[in-house]
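Trainee: Just passing along the structure, written as structure tokens.
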């Protein structure tokens with residue numbers, strides 16, 4: 001998927017918004033927005049190894065440990 005692809009552009013906007021929400025302390029909203037970006041790109045976020053344990057927080061299930069295609073989630077992981 002190229003950077004000119006409309007889905008890539010839409011997802012990038014959502015990722016920027018997710019980071020803004022996260023930086024503002026709105027973690028649940030940030031996670032929901034990041035998950036929406038993943039759906040736009042057609043990727044499935046997977047729980048990281050720490051999600052099943054005591055480190056999980058709230059409904060997010062420790063989303064800070066999510067992975068995309070086996071790698072830690074982040075802006076550089078979308079292909």
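Bear in mind that the values in this text are calculations on the coordinates, not laboratory data. Not measured: the values here are computed from a predicted model. Positions of Cβ are backbone-derived with ideal geometry, glycine not excepted, and every protein chain shown enters the neighbour counts.
Trainee: How would you order 9-15, 30-36 from highest to lowest mean count of nearby Cβ atoms within 10 Å? Can you show the working numbers first?
Mentor: Working: 9-15: 16.7, 30-36: 19.7.
Per-residue mean Cβ counts within 10 Å order the peptides as 30-36, 9-15.
Trainee: Using R₀ = 30 Å, calculate the FRET efficiency as 1/(1 + (r/R₀)^6) where r is the Cβ-Cβ separation of residue 47 and residue 2; round to 0.05. Intermediate values should be presented prior to the final figure.
Mentor: Details: r = 30 Å, r/R0 = 0.99.
In this case the efficiency is close to 0.50.
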